[in-house]
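Trainee: Below are the structure tokens for one structure; questions will follow.
The values are calculated or read from the model by the stated rules, or taken from the named source; none is laboratory data. These figures come from a predicted structure and were not determined experimentally. So basically every Cβ, Gly included, is an ideal-geometry build from the backbone, and we count neighbours across all protein chains shown.
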Ligand code: TXA
Ligand code: MG
């Protein structure tokens, strides 16, 4: 079982090559130094994450980010000035300071400066970048509180308690090329907002969203899945439980509705804790009723997570 720990202890542990779960404003991350191969392997092992799924590197400063990439394009400069620290991850060509284990052998590295004061404090005091994937077992729901992390791992992982993650879903990931910006994972900083901002600053990129079916590395179709099945439907119907049991070969006796409300920021903040709460009863599945407003741009990051958490859609 994971254990709570202080910031000072977390820094000591990280320096000695251990992994520590840290709070960020998006979700909790399982952090470790990127210059220690055995630490990187520990991260993959604890998460049961396949080695083909690259890690995001967290930095305390622009200088630290620059030390990991081939070059720091002008677009990266203005984006980070606007959105860092915060839930935006930039994918850029890496340099030789980044171990291929971090990037799963890719020539690019994903970089982010988190906004949570405790994560920033740890990064600043260490003075070194930290790899930190979401602190959950591979494919499962991301943690937005220290309690979530503690219930996730049987291993002896230290956790810094930074309260409830205020954003609640993972960062937006974009890949920057010379002429193209590609959205690899939607987040609360919407792709539209990024495009509008860059246009305003005079950039003329082509913008590309990952096409359906096409995946960013490691972005497998089923992900963010809680212990009980999630079903998305446009409405309730009397035969739904039977239908679901038939298709999933399960024995659910009923369902509970996942109600995220109307406020999109609150919905993002509560999504994972609600999924975990509702998954506590093994006899019921989780039903999300899809409404017309869920197709809007502002709901796209939440719907992206729900679609991939869902076992069935009607
Ligand atoms: O908000 C977040 O980004 C959280 C917090 C802890 O910072 N982290 C997070 O990490 O969500 P993780 O490992 O759960 O998701 C990172 C995603 C993975 O899907 C991975 O495939 C992708 O980032 N990724 C990492 N490096 C990449 C690269 N070089 N190119 C493309 N995708 C990359
Ligand atoms: Mg994750």
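Trainee: Output yes when any residue across segment 27-45 is at pLDDT 95 or above, surrounded by 20 or more Cβ atoms within 10 Å (Cβ to Cβ), within 15 Å of ligand 2 (Cβ to nearest atom) and part of a loop (DSSP other than H, G, I, E, B), and no when none is.
Mentor: The answer is yes; a qualifying residue exists.
Trainee: Turning to a different aspect of this structure: I'd like the full set of residues that are more than 9 Å from ligand 1 (Cβ to nearest atom), buried (at least 18 other Cβ atoms within 10 Å of the Cβ) and over 14 Å from residue 65 (Cβ atoms), limited to segment 126-140.
Mentor: 140
Trainee: A follow-up question, please. Within segment 276-289, is even one residue closer than 29 Å to residue 135 by Cα, surrounded by 14 or more Cβ atoms within 10 Å (Cβ to Cβ) and within 16 Å of ligand 2 (Cβ to nearest atom)?
Mentor: Within segment 276-289, one or more residues are closer than 29 Å to residue 135 by Cα, surrounded by 14 or more Cβ atoms within 10 Å (Cβ to Cβ) and within 16 Å of ligand 2 (Cβ to nearest atom).
Trainee: Okay, moving on. Is it the case that segment 132-145 has a residue that's in contact (Cβ under 8 Å) with a residue 24 or more places away in the chain, under 21 Å from residue 203 (Cβ atoms) and under 19 Å from the mean Cα position of the chain (by Cα)? Walk me through how you get there before you give the answer.
Mentor: Step one: of segment 132-145, the residues in contact (Cβ under 8 Å) with a residue 24 or more places away in the chain are 132-145.
Within this subset, residues satisfying the condition of being under 21 Å from residue 203 (Cβ atoms) are none.
Scanning segment 132-145 turns up no residue that is in contact (Cβ under 8 Å) with a residue 24 or more places away in the chain, under 21 Å from residue 203 (Cβ atoms) and under 19 Å from the mean Cα position of the chain (by Cα).
Trainee: Looking at 266, 278, can you tell me which residue is under 24 Å from the mean Cα position of the chain (by Cα) and touching a residue at least 40 places away in the same chain (Cβ under 8 Å)?
Mentor: Just one listed residue meets the conditions, 278.
Trainee: Picking from 123, 111, which residue would you name as being near ligand 1 (Cβ under 10 Å from one of its atoms) and crowded, with 21+ Cβ neighbours inside 10 Å? Steps first, please.
Mentor: Values: 123 fails: near ligand 1 (Cβ under 10 Å from one of its atoms).
Step by step, each of 123, 111 is checked, and only 111 is near ligand 1 (Cβ under 10 Å from one of its atoms) and crowded, with 21+ Cβ neighbours inside 10 Å.
Trainee: Moving on to the next point. Can you tell me which of 63, 71, 81 is within 16 Å of ligand 1 (Cβ to nearest atom) and over 22 Å from residue 168 (Cβ atoms)?
Mentor: Only one candidate qualifies: 71.
Trainee: Another question, then. Output the residues belonging to segment 47-59 that are outside any loop (DSSP other than H, G, I, E, B) and modelled with pLDDT under 95.
Mentor: 47
Trainee: Continuing with the same structure: Is there a residue being surrounded by 14 or more Cβ atoms within 10 Å (Cβ to Cβ), touching a strand residue (DSSP E or B) at 6+ places or on another chain (Cβ under 7 Å) and part of a helix (DSSP H, G or I) anywhere in segment 212-230?
Mentor: No, segment 212-230 has no match at all.
Trainee: Further question on the same structure: Criterion first (in contact with a helix residue (DSSP H, G or I) (Cβ under 8 Å, 6 or more places away or on another chain), at pLDDT 95 or above, on the phi > 0 side of the Ramachandran plot and not in a strand (DSSP E or B)) does residue 187 satisfy it?
Mentor: no
Trainee: If you don't mind, another one. What number goes with the only condition from (1) free of Cβ contacts under 8 Å to residues at least 12 places away in the same chain; (2) within 28 Å of residue 28 (Cα to Cα) that residue 242 does not pass?
Mentor: The failed condition is (2).
Trainee: Within segment 77-104, how many residues are over 20 Å from the mean Cα position of the chain (by Cα), surrounded by fewer than 20 Cβ atoms within 10 Å (Cβ to Cβ) and touching a residue at least 24 places away in the same chain (Cβ under 8 Å)?
Mentor: Residues that pass the stated criteria total 6.
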